[in-house]
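Below is one structure, written out as structure tokens; comments come after it.
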Amino acid sequence: MNANFQKKRFPIKIIFLVGLVLLLALLLFFAVNFKFGKGKDLVGKKGEIIWWGLNFEESDLSTLIKEYQEKNPEIQITYIKQSPIDYRERLTNALASGTGPDIFELHSSWPPMFSNDLSALPGSVMSSDEFKSLFYPVVSVDLALSKGIIGIPLEYDALTLFINEDIFGSAAKTPPKTWDELRDLSFIFTQRGEGGKMIQSGIPLGMAENIDYWPEVIAFMIFQNQGNPSFPSGFSTQRALEYYKQFGAARVWDSSLPRSTTAFARGMVAMYFAPARAASEILKQNPDLNFKTILLPQLPKERPTDPDFSYATYWFHGVWERSRNKDAAWSYLKFMASKESLEKLNQNVKQRTGFERPSPRIDMAELFSKNPVLGSVVNLALKAKSWYLADNTHDGETGINSQFKNIYSELIDPKTNKYPTPNMADPDIAEILGKYKIPAVR
């Protein structure tokens with residue numbers, strides 16, 4: 001009986017084990033598909049494109065949207081102007097929850113933070129070679145990920161030097177061309193009254209507090225010195241930081257003054273670094289201010305062939321990887337980036353703000369080369385570098401710009417003595433770069 005019993009039990013065990021394996025396989029199948037498959041589903045209603053933007057108003061775009069829709073009646077485009085407050089976090093959350101827009105605006109330093117969400121520009125819409133031939137070289141570098149080109153800009157901007165023409169005229173001084181000239185003028189133009197109270201600043205430099213766009217200035221100086229902002233310990237990077245801090249030691253700026261943009265608008269500052277887009281804010285605060293921009297100061301050249309430098313900081317538009325309307329969205333962005341569309345867009349922006357936006361297209365540079373505000377930007381655009389140091393990008397406390405700003409702020413103007421020596425900041429920068437898979441090339 002024991003033999004017969006064993007013969008009857010053995011097949012039951014096999015059946016049980018096989019059933020268990022099949023059940024586990026089935027559960028694994030559903031788990032994988034729920035976790036990964038569902039996230040890849042396309043979202044949105046076919047033909048309806050939702051567009052989130054920061055830097056344009058609906059009035060800037062309405063005529064162009066109407067023109068595109070008349071040529072493509074199957075497409076409906078809705079532009080939604082976003083508040084800069086918590087913008088990056090809101091966009092991140094919307095994309096993660098599957099409720100994101102088809103097109104969204106990003107800063108030129110943000111692609112690593114959105115690499116999984118950004119669709120690649122289809123070759124059928126625009127080839128990589130065509131993109132590189134149309135836009136400034138720094139744009140082709142900034143917007144290229146391993147998957148391909150991930151955005152199209154409708155504007156270009158970079159750091160430039162604003163000057164108060166009335167202050168220069170009263171002192172009969174010529175605008176600076178080199179850093180040494182800028183430094184000397186900053187001493188001359190800085191004025192203090194009773195008790196040492198500053199009544200006029202030569203230039204807002206030397207510290208991080210109360211100075212707009214200091215991160216761009218630091219990055220620009222590092223690149224000029226042939227340094228790499230990925231390595232604060234590098235000799236060239238340290239030299240740039242020490243030169244910047246000399247302005248603080250000379251007390252050409254005072255944190256008791258309003259923020260630098262406001263101080264310049266009020267006529268309290270002789271020179272001021274900012275992207276060209278700051279002109280609109282300055283004009284809004286003081287329509288009567290007599291100002292212009294000039295080419296960025298360069299280091300003395302050992303050879304005539306030594307390069308000039310600029311530092312780009314601009315916004316572009318990407319397409320969501322999960323959008324049901326990806327191809328249509330890319331087609332629309334190509335239409336918007338055409339020479340004809342950008343000319344119309346700029347006229348609309350100028351009518352609203354008093355200033356145009358520099359075009360990202362190389363073939364439109366001549367239109368802006370003699371502009372008293374934009375000329376200094378486009379005339380150095382072919383020389384521009386970029387990195388992840390940028391101000392006023394609304395990327396939040398955990399954003400890539402904010403993290404690097406915090407590190408460099410401590411290096412420039414220590415509050416906690418977190419980095420007694422610059423080399424102690426290297427690991428923290430390396431950790432952020434590693435998180436976003438950004439190479440730190442020396």
Exercise for the section: Hey, can you tell me all the residues within the range 230-251 that are in a helix (DSSP H, G or I) and touching a residue at least 60 places away in the same chain (Cβ under 8 Å)? Expected result: Thr237, Gln238, Leu241, Tyr243, Tyr244, Lys245, Gln246, Phe247, Gly248
Practice task
Could you pull out the residue among Ile199, Ile203 that is closer than 16 Å to Met268 by Cβ and surrounded by fewer than 13 Cβ atoms within 10 Å (Cβ to Cβ)?
Solution key: Ile199
Practice task
Would you be able to say whether some residue in the range 337-346 is in a helix (DSSP H, G or I), at pLDDT 95 or above and in contact with a strand residue (DSSP E or B) (Cβ under 9 Å, 6 or more places away or on another chain)?
Solution key: yes
Practice task
Give the residue that is nearest to His394 (Cα to Cα), with candidates limited to residues of the range 207-259 that are open to solvent by 20 Å² or more (accessible area, probe 1.4 Å) and of a type in the set (A, V, I, L, M, F, W, C).
Solution key: Met207
Exercise for the section: With the checklist (1) in a loop (DSSP other than H, G, I, E, B); (2) modelled with pLDDT of 95 or more; (3) of a type outside the set (A, V, I, L, M, F, W, C) in hand, flag the one item Pro300 doesn't pass. Expected result: (2)
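So that you can scan it fast, the table gives a plain yes or no per residue for (1) assigned to a loop (DSSP other than H, G, I, E, B); (2) in contact (Cβ under 8 Å) with a residue 24 or more places away in the chain; (3) open to solvent by less than 20 Å² (accessible area, probe 1.4 Å):
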| position | (1), (2), (3) |
| --- | --- |
| Tyr388 | yes, yes, no |
| Asn392 | yes, yes, no |
| Phe404 | no, yes, yes |
| Ser409 | no, yes, no |
| Pro427 | no, no, no |
Exercise for the section: Return the total of residues in the range 353-375 being of a type in the set (Gly, Ala, Ser) and open to solvent by less than 10 Å² (accessible area, probe 1.4 Å). Expected result: 2
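Could you pull out the residue among Lys383, Lys415, Lys344 that is free of Cβ contacts under 8 Å to residues at least 60 places away in the same chain and open to solvent by 70 Å² or more (accessible area, probe 1.4 Å)?
Details: Lys383 fails: free of Cβ contacts under 8 Å to residues at least 60 places away in the same chain; Lys344 fails: free of Cβ contacts under 8 Å to residues at least 60 places away in the same chain.
Only one candidate passes the filter, namely Lys415.
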Exercise for the section: Could you please give the count of residues in the range 113-125 that are open to solvent by less than 20 Å² (accessible area, probe 1.4 Å) and more than 17 Å from Leu333 (Cα to Cα)? Expected result: 1
Handout entry: Of residues in the range 142-154 being surrounded by fewer than 21 Cβ atoms within 10 Å (Cβ to Cβ) and either of a type in the set (Phe, Trp, Tyr) or in contact with a strand residue (DSSP E or B) (Cβ under 9 Å, 6 or more places away or on another chain) (or both), the one nearest to Ile294 (Cα to Cα)
Key = Leu145
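Looking for something open to solvent by 30 Å² or more (accessible area, probe 1.4 Å) and under 24 Å from Leu241 (Cα atoms) - is there at least one such residue anywhere in the range 170-177? It would help to see each step written out before you state the result.
Of the range 170-177, the ones open to solvent by 30 Å² or more (accessible area, probe 1.4 Å) are 170-175, 177.
From what is left, the residues that are under 24 Å from Leu241 (Cα atoms) are 175, 177.
Yes, there is a match, as at least one residue in the range 170-177 is open to solvent by 30 Å² or more (accessible area, probe 1.4 Å) and under 24 Å from Leu241 (Cα atoms).
The values are calculated or read from the model by the stated rules, or taken from the named source; none is laboratory data. Because the structure is a prediction, the values reported are computed rather than measured. With ideal geometry, Cβ positions are generated from the backbone for all residues, glycine too; neighbour counts draw on all protein chains shown. Please note that ligands, DNA and RNA were not included when accessible areas were found on the heavy atoms of the full protein model with its side chains. Shrake-Rupley method; radii C 1.70, N 1.55, O 1.52, S 1.80 Å.
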